[in-house]
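Reviewing the structure listed below.
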Amino acid sequence: MNLGEFLLSAGRPAEAVTHLTRAFTLSDEHDFRMIKISVLGSLCTLHEELGQYDLAAAEAQQALTLALEVGSAEGEIEARIALGRLAMQGGDLALAEQQLVQALELARSRETPKEQVLAHEQLVQVYRRSGQLELALDHAEVLRTIERSIFDTDRDRQIRNLTVLFEVERAQQEAQLYRLRSEVEQEAREAAEQQVLERTAELARAQHEVVARLAIAAEYRDDTTGEHTRRVGQAAARIARALGWSETQASVLGVAARLHDVGKIAIPDAILLKRGHLTADEFRQMQSHTVIGSRILSGSRSALLTMAEEIARSHHERWDGSGYPYGLAGDAIPLTGRIVAIADVFDALIQARPYKAAWTISEALREIQAQAGRHFDPELVAVAADVLANLHREDSLFLKLYDEQQSEPLAEGEASHVLAVFEQLLMERTRELELARREAERSAKRMERMALTDSLTDLRNRRAFEQDLESRAAPLGNTPFTVMSLDVDGLKRINDTHGHSAGDDLLGAVAAALTAAFDGHGQAYRIGGDEFAVICDDVMTAADRIRCLEVMAHHLQQSGYPDRPFSTGAADYPADSGSAGDLLRISDQRMYRDKVLRRQQRSGQPLESGQA
């Protein structure tokens with residue numbers, strides 16, 4: 001089956017059909033119905049790509065029939081989406097709508113975003129073709145919301161990764177400087193002093209690069225180019241030069257200013273990208289980016305990051321005291337914040353935003369001058385106006401922080417002093433690094449516990465289940481054990497009838513009952529919306545499983561759920577399989593069989609041959 005799917009993805013359908021047909025025959029011979037459903041789905045895709053729509057529809061219908069027989073919700077969703085898509089291609093829009101709506105309802109109940117996206121995409125096409133444009137628009141809007149949620153999740157992961165890279169880069173550079181201290185004690189002092197200067201410059205350049213990347217990451221959400229931060233930094237550096245700052249000081253300000261809005265990382269898109277006016281609560285949340293940004297940058301001994309922290313905190317304060325977050329006024333506002341405030345507002349005015357057109361440079365300058373004494377420091381405005389008026393002209397004053405050509409060798413006395421200070425700094429930074437490492441280890445352990453715990457039930461989650469199961473069923477594993485699958489019956493009906501809080505109460509009760517029943521016998525997990533599992537310490541006999549399930553049913557009865565609202569199935573390692581994936585699949589098959597049997601018993605239907 002895997003070979004067939006890989007070949008199909010590689011655009012080699014003639015070879016793919018050979019393997020998929022063989023997989024179908026084998027799964028049919030051995031009654032592996034869950035695998036058979038997957039193979040039928042791949043065959044349906046293959047024949048659809050070849051334009052053999054009747055054959056593809058027959059395979060999708062067969063997959064749906066099998067999925068309903070074994071109670072496979074995932075298989076049913078995929079089959080109905082395929083049938084809906086094929087019906088739409090054949091012009092039967094009513095049938096397409098029926099299949100896709102059923103698939104969407106089931107995907108919602110299973111909380112599977114990927115399948116919901118597929119169903120919404122097809123429904124948009126169905127309603128567009130049938131002329132029901134309002135319904136098409138409704139599904140398109142829901143589709144965009146789901147896709148945005150998926151995008152936000154991916155973006156947050158990228159931001160976390162970038163933050164980790166920032167810390168790793170800083171730690172690596174500090175470790176490199178620490179190793180240098182040992183070299184200083186062994187090598188000639190003059191050579192060591194030169195090497196210290198070179199390595200320090202390397203650290204500064206690396207920090208400069210990472211700061212620039214972090215600034216772009218913060219700006220990416222409402223300015224995908226990151227150009228706003230670069231322009232604000234450049235303008236702030238030029239204003240500083242006009243005030244008489246040294247080239248080095250102005251360059252440091254130019255880099256630090258790029259992090260003025262780094263706190264926007266924590267502002268939700270619904271507020272950050274809103275086109276209309278913000279509500280009072282939304283505006284208060286937007287204002288918090290100043291405090292968040294200063295916290296992100298705090299705690300560093302770097303002059304660059306210390307200045308960036310000051311700017312992030314103060315660049316929205318106003319000269320007349322009406323700004324935020326602390327309502328500072330006049331000279332109480334740091335000079336760096338006053339400079340960046342002018343550069344930030346000027347660049348925002350001359351750039352187009354979702355809620356306004358771009359102003360001309362002349363219009364923006366008049367507004368800056370009109371706000372002198374209210375928003376801005378009037379003396380700074382007088383200096384900045386000349387600088388900003390010439391921003392459109394090309395010049396060579398780019399940020400040249402830590403340019404190697406600007407470095408000049410120090411006199412012998414100065415070099416000795418620098419080396420002594422540097423050695424002291426190394427000791428202090430080494431202590432800081434060790435404390436940070438210990439805190440990082442503690443945080444990592446807390447994060448790991450959170451990552452492996454289900455937030456609703458406090459049981460271990462699917463990720464933990466897969467890790468534990470793979471470990472127990474590893475090639476060197478030689479201890480037999482049992483895996484149990486458990487599915488809560490009627491959760492969707494409870495959610496629809498009594499609300500999701502009632503459904504959550506049921507899930508919590510099942511988790512508590514499962515933990516109590518299998519205490520001392522194994523570890524319980526919540527692996528999906530209404531799916532639970534247990535990895536037993538050893539192989540449980542049928543009698544032992546029945547006793548544990550009776551204990552579980554008793555706990556649920558005491559919690560107000562008298563009708564044993566769950567179905568179960570079990571698989572033994574290695575008797576049923578030596579593969580973790582197969583163990584879960586087999587226990588799921590048996591659990592779905594139990595569900596179908598219980599459903600038939602409740603409805604009074606006769607049992608199929610062999611079920612009794």
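Relative protection proxy for 95-103, 125-133, from highest mean packing down: 95-103, 125-133 (other beta-carbon atoms within 10 angstrom).
Per residue, the average separation of C-alpha pairs within less than 8 Å and at least 6 apart gives the range 2-131 a relative contact order of 15 percent.
Computed from backbone phi with θ = phi - 60° and the Karplus coefficients 6.51, -1.76 and 1.60, the 3J(HN,Hα) list for the range 271-276 is 9, 4, 9, 5, 7, x Hz; x is used for glycine and proline.
Only the Cβ atoms of Lys and Arg (+1) and of Asp and Glu (-1) were treated as charged; on that basis the dipole of the range 2-131 about its Cα centre amounts to roughly 280 debye. Count the net charge of all other residues whose Cβ sits under 14 Å from the Cβ of Leu93, scoring Lys and Arg as +1 and Asp and Glu as -1. Neighbourhood net charge equals +1. Residue by residue, the range 53-67 carries 3J(HN,Hα) couplings of 5, 5, 5, 4, 5, 5, 5, 5, 5, 5, 4, 5, 4, 5, 4 Hz when phi is fed to the Karplus relation 6.51 cos²θ - 1.76 cosθ + 1.60 (θ = phi - 60°); x denotes Gly or Pro. Peptide packing: for 275-283, 560-568, 155-163, 49-57, the average count of neighbouring Cβ atoms within 10 Å per residue gives the ranking 560-568, 49-57, 155-163, 275-283, highest mean first. For the cross-link pairs Lys264/Lys492; Lys36/Lys595; Lys114/Lys492, the ones whose C-alpha atoms lie over 27 Å apart are Lys264/Lys492.
Taking Lys and Arg as +1 and Asp and Glu as -1, the other residues whose beta-carbon sits under 14 Å from that of Leu20 total -3. Here the 3J(HN,Hα) profile of the range 557-564, calculated from phi with Karplus coefficients 6.51, -1.76 and 1.60 at θ = phi - 60°, is 5, 5, 8, x, 10, x, 9, 6 Hz, Gly and Pro shown as x.
Computed from the coordinates by the stated procedures, all read-outs in this text should not be read as laboratory data. All of these numbers come straight from a predicted model, not from anything done at the bench. Note: ideal-geometry Cβ built from the backbone for every residue, glycine included; neighbour counts use all protein chains shown.
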